[in-house]
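The values are calculated or read from the model by the stated rules, or taken from the named source; none is laboratory data. Note that the structure is a prediction, hence the values are computed from the model and not measured. Cβ placement follows ideal geometry from the backbone for every residue including glycine, while neighbour counts extend to all protein chains displayed. Ligands, DNA and RNA are excluded from the accessible area calculation, which covers all protein heavy atoms including side chains. Shrake-Rupley method; radii C 1.70, N 1.55, O 1.52, S 1.80 Å.
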Amino acid sequence: MPTIALPILGTAAAWRDAARGLLAAGVPPQDIVWQHGAVAADLFADAPATSGPGTATVPRSFVHLAATVCWHSDPERFGRLYALLWRLQGSDGLTQDHGDPDLAKLRAMEKAVRRDKHKMTAFLRFREIAPVSGRRRFAAWFEPDHHILEPVAPFFMRRFGDMDWVIATPALGATFTSGSISFGPGRTKPPLPEDATEELWETYFRNIFNPARLKVKAMTAEMPRKYWKNMPEAAAIPDMIASAGARATEMQSAAPTRAPARAAIIGRRLGMTDDTPPVDGLDALRRDAEGCTRCPLHRDATQVVVGEGPSDAPLMVVGEQPGDQEDLAGRPFVGPAGQLFDRFADEAGLDRSRAFVTNAVKHFKFVPRGKRRIHQKPDAGEVQACRWWLDAERQLVRPGLILAMGATAAASVTGKGQGIMKRRGTFEAAEDGTPVLLTLHPSYLLRVPDAGARAAAERDFRADLAAAARWLADHAA
Ligand code: URA
């Protein structure tokens with residue numbers, strides 16, 4: 001039986017290459033033993049001869065799925081992926097079959113890896129250690145559930161590129177020195193020194209902790225107890241929980257000095273708005289959003305779908321939420337509504353590749369019906385929870401014009417929930433003054449049953465997109 005020994009580093013790429021070769025050679029899943037932990041040269045140690053790189057076509061959603069699942073710790077992950085890949089050759093729609101148990105298992109693994117990566121970026125804590133050269137050096141210990149150090153390392157390289165650091169984990173270590181990274185063996189927990197940042201973390205945590213909003217269950221779901229032992233600020237948690245009741249009562253009895261909404265308006269008038277984006281660029285936003293648990297929609301969706309497009313796009317197009325196809329592809333407006341939008345935008349002279357296309361809500365909300373997933377309108381709480389991400393996208397992109405398509409987008413961007421039919425075709429303003437052109441949602445055009453009403457809706461949609469194109473032409477830099 002051929003044994004494929006995959007390397008610890010570059011596992012996902014090595015699995016992809018091996019799987020391609022095996023598929024091209026027609027080797028069935030049950031004939032392969034997959035191993036993890038070899039050096040790269042051993043990859044095809046015991047494998048059958050293949051006929052060169054495979055020519056099989058594989059859906060993009062599977063490629064993304066495999067690239068993440070390969071980092072899972074389940075020893076069966078490679079075999080499961082290959083078995084699905086094998087089945088995919090005979091069945092086109094398999095990656096969209098939500099009743100398929102093999103696919104469901106792999107999707108669950110994908111989600112677990114994403115969550116683990118998110119937790120590592122959120123909860124890893126560096127401590128300062130003695131410098132070797134002139135640069136400051138830091139070290140951190142982390143115990144991930146999966147093999148995520150390599151795929152998550154670029155995040156730390158970007159975020160902490162101006163210092164040297166070491167991240168130790170039980171399975172692998174990463175050393176970043178003068179801008180270049182290398183990986184070495186794993187180890188046991190090193191005796192890391194306490195340093196000034198410990199106290200800083202604790203002070204920060206005590207300050208952001210709101211005793212009046214304490215929900216221990218939600219807090220431990222977001223910051224599971226297993227991470228606490230390596231987080232300096234966690235030492236303060238038991239005490240803060242114990243004294244939360246008394247502190248909340250104290251806060252309630254202290255009268256506010258200013259109403260928060262009024263303070264915000266006054267601040268804006270005085271030019272004191274804090275419009276610093278809460279995340280460090282669109283890539284960081286995407287990564288952070290992958291771990292979003294702000295509302296329950298993340299539980300059933302395949303993945304988060306954030307906006308895409310140039311970070312300096314003059315136009316931001318906002319829809320409601322990803323649909324079935326967007327949820328699978330991980331990209332906004334790629335399904336029927338997206339195709340309709342593309343066609344009308346093209347006709348109106350709007351270049352989608354120059355627009356930032358996104359949604360008010362970033363996870364697909366649906367109810368399963370047989371093998372289908374039926375779209376559900378997000379409720380006000382879900383829209384409100386997701387506004388954090390939309391606002392962050394707006395702060396990063398700073399579009400000149402926002403095109404809000406449909407009632408949910410209009411409510412999220414303008415804060416007003418009146419009917420879209422009366423408001424469409426008009427310009428309003430977002431809270432920060434950005435002009436917002438309101439229009440119909442393209443899905444509405446797809447759903448209107450009556451031919452006359454559909455023609456009228458199409459006429460309106462066309463007119464609104466043309467108005468957006470005109471606005472952009474008039475305001476071109
Ligand atoms: N409908 C939306 O509102 N957004 C999408 O991305 C797809 C369909």
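One residue stands out in the stretch 330-385 among those that are touching a Phe, Trp or Tyr at 6+ places or on another chain (Cβ under 8 Å) and in a loop (DSSP other than H, G, I, E, B): the one that is nearest to Val317 (Cα to Cα), namely Phe333. Being modelled with pLDDT under 95, hydrophobic (A, V, I, L, M, F, W, C), away from the ligand (no atom under 16 Å from the Cβ) and open to solvent by 50 Å² or more (accessible area, probe 1.4 Å) holds for only one residue in Ala430, Ala451, and it is Ala451.
Screening Gly309 on (1) open to solvent by less than 10 Å² (accessible area, probe 1.4 Å); (2) in contact with a strand residue (DSSP E or B) (Cβ under 6 Å, 6 or more places away or on another chain); (3) not hydroxyl-bearing (Ser, Thr, Tyr) shows it passes everything except condition (1).
Rundown of residues vs (1) more than 9 Å from the ligand (Cβ to nearest atom); (2) touching a helix residue (DSSP H, G or I) at 6+ places or on another chain (Cβ under 8 Å), yes/no style:
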{"site": "Pro336", "(1), (2)": "no, yes"}
{"site": "Leu340", "(1), (2)": "yes, yes"}
{"site": "Arg343", "(1), (2)": "yes, no"}
{"site": "Glu347", "(1), (2)": "yes, yes"}
{"site": "Arg354", "(1), (2)": "yes, no"}
{"site": "Thr358", "(1), (2)": "no, yes"}
{"site": "Pro368", "(1), (2)": "yes, no"}
{"site": "Ile374", "(1), (2)": "yes, no"}
{"site": "Asp379", "(1), (2)": "yes, no"}
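Only one of the numbered conditions (1) within 16 Å of the ligand (Cβ to nearest atom); (2) out of contact with any Ser or Thr (no Cβ under 8 Å at 6 or more places or on another chain); (3) closer than 23 Å to Arg352 by Cβ is violated by Ala467, and that is (1).
Of the residues making up the stretch 279-329, those that are part of a loop (DSSP other than H, G, I, E, B) and within 11 Å of the ligand (Cβ to nearest atom) are Val305, Val306, Gly307, Glu320, Gln321, Pro322, Gly323. With the structure loaded, tell me whether Thr414 is touching an Asp or Glu at 6+ places or on another chain (Cβ under 9 Å), within 16 Å of the ligand (Cβ to nearest atom), open to solvent by less than 50 Å² (accessible area, probe 1.4 Å) and hydroxyl-bearing (Ser, Thr, Tyr) or whether it fails that test. Judged against the criteria, Thr414 is not a match.
Taking residues in the stretch 279-297 that are closer than 17 Å to Asp327 by Cβ, and partners anywhere that are open to solvent by less than 30 Å² (accessible area, probe 1.4 Å) and at pLDDT below 90, the pairs with Cβ atoms closer than 9 Å and at least 6 places apart or on different chains are Ala289/Val279.
Do we have any residue at all in the stretch 433-445 that's surrounded by 13 or more Cβ atoms within 10 Å (Cβ to Cβ), polar (S, T, N, Q), at pLDDT 95 or above and within 19 Å of Trp471 (Cα to Cα)?
To start, the set of residues in the stretch 433-445 that are surrounded by 13 or more Cβ atoms within 10 Å (Cβ to Cβ) comprises 434-445.
Those still in the list that are polar (S, T, N, Q) too: 434, 439, 443.
With at pLDDT 95 or above added as a condition, the list becomes 439, 443.
Filter once more, so that each one left must be within 19 Å of Trp471 (Cα to Cα): 439.
Yes, there is a match, as at least one residue in the stretch 433-445 is surrounded by 13 or more Cβ atoms within 10 Å (Cβ to Cβ), polar (S, T, N, Q), at pLDDT 95 or above and within 19 Å of Trp471 (Cα to Cα).
Every condition in (1) at pLDDT 90 or above; (2) more than 18 Å from Val334 (Cβ to Cβ); (3) surrounded by fewer than 19 Cβ atoms within 10 Å (Cβ to Cβ) holds for Glu290 except the one numbered (3). For the stretch 392-406, the set of residues classified as touching a strand residue (DSSP E or B) at 6+ places or on another chain (Cβ under 6 Å) and within 16 Å of the ligand (Cβ to nearest atom) consists of Glu393, Ile402, Leu403, Ala404, Met405, listed by residue number. Is it the case that the stretch 384-391 has a residue that's in contact with a Ser or Thr (Cβ under 8 Å, 6 or more places away or on another chain), under 16 Å from Gly309 (Cα atoms) and within 11 Å of the ligand (Cβ to nearest atom)? No: the stretch 384-391 contains no residue that is in contact with a Ser or Thr (Cβ under 8 Å, 6 or more places away or on another chain), under 16 Å from Gly309 (Cα atoms) and within 11 Å of the ligand (Cβ to nearest atom). Within the stretch 393-421, residues that are on the phi > 0 side of the Ramachandran plot sit with their Cβ atoms under 7 Å from residues that are within 16 Å of the ligand (Cβ to nearest atom), at 6+ positions apart or across chains, in these pairs: Gly406/Gly319; Gly406/Glu320; Gly406/Ile420; Gly406/Leu440; Gly406/His441; Gly406/Tyr444.
Of all residues assigned to the stretch 265-282, at least one qualifies as being within 30 Å of Val69 (Cβ to Cβ), crowded, with 18+ Cβ neighbours inside 10 Å and modelled with pLDDT of 90 or more.
Evaluation of Gly134 against the conditions (1) over 25 Å from the mean Cα position of the chain (by Cα); (2) in contact (Cβ under 8 Å) with a residue 24 or more places away in the chain; (3) open to solvent by 70 Å² or more (accessible area, probe 1.4 Å) shows that the sole unmet condition is (2). When the stretch 454-471 is filtered for residues that are open to solvent by 70 Å² or more (accessible area, probe 1.4 Å) and in contact (Cβ under 8 Å) with a residue 40 or more places away in the chain, only Arg462 remains. Please go through the stretch 55-78 and give me each residue that is farther than 19 Å from His146 by Cβ and surrounded by 16 or more Cβ atoms within 10 Å (Cβ to Cβ), ordered by number. Those that are farther than 19 Å from His146 by Cβ and surrounded by 16 or more Cβ atoms within 10 Å (Cβ to Cβ): Val58, Pro59, Ser61, Phe62.
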